[in-house]
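Visitor: Have a look at this one.
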Amino acid sequence: MEKAGGSLSVGGSYPQKNAEILSSQYGINLFLAGLLLTFAWAVHAVGISKSHLLSYLITLMLIQLLWMLWYLCRSCTQRRLIRDKDTHAGARWLKCGITLFAVITLILDSFKIGYYIDFSNCLSPTEGIFPVTHAVHTILQVYFLWCHAKDIIQSFKTLERFGVIHSVFTNLLLWTNGVLTESKHQLNEHKERLITLGFGNITIVLDDHAPQCNCTTTTLCSIFSQGIYYLYPFNIEYHILASTMLYVLWKNIGRKVERHQQHKTPFKFHGITVGMIFGLIVLTSTIAIVVVYLIQIGRSKIKSELALTMFYLHAIFVLALMCTAGIVALLIYRLEDRSLDNSKNPARKLDAELLVGTAAGSWLLSWGSILAIICAQAHPKYTWYNLPYSVLVIIEKYIQNLFIIESIHREQEKVNDDIKTLRIVTISRGSTLSLTPSYKEIYNGRATSDSGEVPCLFKGGICGRENHAGDGAKEETNQENSSVIHSASDFSFYNRNSVTNNKRRVLKNIAAFLFLCNLSLWIPPAFGCRPEYDNGLEEIVFGFEPWIIVVNLAMPFSIFYRMHSAASLFEVNCKT
């Protein structure tokens, strides 16, 4: 096995590159096999049942559990094998976020266990084993990520590559399974709404995987079956976050890091009041819109059209505000002269790639809607609001991606933020002269305490008191006739610092506002408010099944984009 320490030679790096390629290919084949199995179950392929899919997922989770237990035991007994840490990976706020999603995932697992107990007469045993295994897997994985997400593994590297990449693709398959299950439920509800909207020419066939037996307790069965689908969005976000954190851990295996550590940047509410207030207004209004939308949609044609119109108008207003905020932030960046940090950073590189990659899902849906509006022969009134909405979705993501990517690549200021006030020297008649170094002198390291001299800050060349008896009377005379003013250079430096602080305050408010807006825009699609389904125009132009396939493929990426953007903007706010 490889040993830590020392620079990698050509002969040493070659086997490691091979190990990286082999492990990645192992993970891809693992994922493709599970993906085809999932697809076969979804289309009711002959000979493939849900028990086969769950058995495959249970096996993958058990293998990951064994690897994590081995890693945890080895790290406890041989702590000196792992010394380096990636300060950019596994931020505390990210760990808190994944913990929150994991707790809700555990509630989801408990609902699934209760659902299995009520329908145990006609469900496969794997449907009871799966949530139990998944709950254990979730608890241990969250503990593992809290303790070892920052590790840079330098021993047993070949073995660890396979273990980590196995964990990455296991979580991706669990994410795919959750997305598919939740999408099938949304599709069934959507098909029922189409009849209400008057699209009778579309064949309505419900894709039903419900148990073929009676529930032992009707009330509990209803609670479990309905509650499961409201909890799936959190389960989906949990697995995609876990897979990204594990991927960064995989990329860090064998990596040589620079010894300087970046200082921690905790989140502070001070100075972001305006952004938080406007963001909370958007969040509150979005929740209200989603509640009304879910109540009204499908009740009648008029109520459905009003619900769609209400959604589009609210979304257009929010997206316009986000575009404006993003443009202001980019203009501030253009006025600043700060270099970019181009050092190797797997976490930052992955963040940028995920932003652009997942934004493509929304862009695909938006261009589909624009094309449908152009090509459709008949246009109900509410469909015209879809045009500016789709255009703004494209523009907003373009601007926001540029802002976030530039923000996470900008170097932080090295000036101590706590030193913000220029100390003013004042002299009163008959008082002892008290001198303190100016802001610029502290910054340049030329404090008077080091040299024994004091700066000339006063008109007429009056300087500080020296320890010579002959100069005492002269200083007292000059104090009576002189007024205190600031040095012009100190004023200039203070003004520049004041402008910089104002820019930073504006940027922090913009980041806080965009953070809450992205959380707001994550809520509607995650909880079933999807006008791409209910609009109906796209399904007439492209056909029902082709458009539904496009929506089901693109929507998970669109939902993940909002949550990932919110996480990135939280980091930007801490860094600014």
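Visitor: Just the number, please: carbon plus sulfur as a percent of the accessible area of the range 349-412, 1.4 Å probe, no ligands or DNA/RNA counted. It would help to have the intermediate numbers written out before the result.
Guide: Details: 2020 of 2810 Å².
For the range 349-412, the apolar C and S fraction of the accessible surface comes to 72 percent.
Visitor: Using the alpha-carbon centroid of each, what span in Å lies between the range 92-143 and the range 273-296?
Guide: 30
Visitor: Past 29 Å, Cα to Cα, is the threshold; run Lys17/Lys344; Lys256/Lys503; Lys85/Lys575; Lys112/Lys150 against it and keep the listed order.
Guide: Over 29 Å apart, Cα to Cα: Lys256/Lys503; Lys112/Lys150.
Visitor: Residue by residue through the range 24-39, which ³J(HN,Hα) values in whole Hz follow from phi under the Karplus form 6.51 cos²θ - 1.76 cosθ + 1.60 (θ = phi - 60°), with glycine and proline marked x?
Guide: 5, 5, 4, x, 5, 5, 4, 5, 5, 4, x, 5, 5, 5, 5, 4
Visitor: Per residue, how large is the accessible surface of the range 120-160? Use a 1.4 angstrom probe and give square angstrom.
Guide: Spelled out: the 1.4 Å probe surface of the range 120-160, per residue, equals 36 Å².
Visitor: From the backbone phi of the range 96-109, what are the Karplus-calculated ³J(HN,Hα) couplings (6.51 cos²θ - 1.76 cosθ + 1.60, θ = phi - 60°) in whole Hz, Gly and Pro given as x?
Guide: 5, x, 5, 5, 4, 5, 5, 4, 5, 5, 5, 5, 4, 4
Visitor: Still on this structure, please answer the following. Stretch Ile223-Ala45 to full length: gain in nm at 0.36 nm per residue minus the Cα-Cα span?
Guide: 61.1 nm
Visitor: Can you work out ³J(HN,Hα) from phi for every residue in the range 374-379, in order, using Karplus 6.51 cos²θ - 1.76 cosθ + 1.60 and θ = phi - 60°, giving whole Hz and x for Gly and Pro?
Guide: Karplus-based 3J(HN,Hα) across the range 374-379 equals 5, 8, 5, 7, 10, 10 Hz.
Visitor: Counting only protein heavy atoms and a 1.4 Å probe, tell me what percentage of the range 105-147's accessible area is made up of carbon and sulfur.
Guide: 74
Visitor: Can you pull the one-decimal nm distance between simple spin-label points at Cys574 and Val132, each 7 Å off the Cα toward Cβ?
Guide: 3.8
Visitor: OK, next. For Arg410, what residues show an amide H to amide H distance below 5 Å, using hydrogens built from the backbone and excluding near sequence neighbours?
Guide: Under 5 Å from the amide H of Arg410 lie the amide H atoms of Asp341, each far enough along the sequence or on another chain.
The values are calculated or read from the model by the stated rules, or taken from the named source; none is laboratory data. Because the structure is predicted, anything quoted here is derived from the model rather than measured. Note that each Cβ is placed from the backbone with ideal geometry, even for glycine, and that neighbours are counted across all protein chains shown. Side chains included, ligands, DNA and RNA excluded: accessible areas come from the protein's heavy atoms. Shrake-Rupley method; radii C 1.70, N 1.55, O 1.52, S 1.80 Å.
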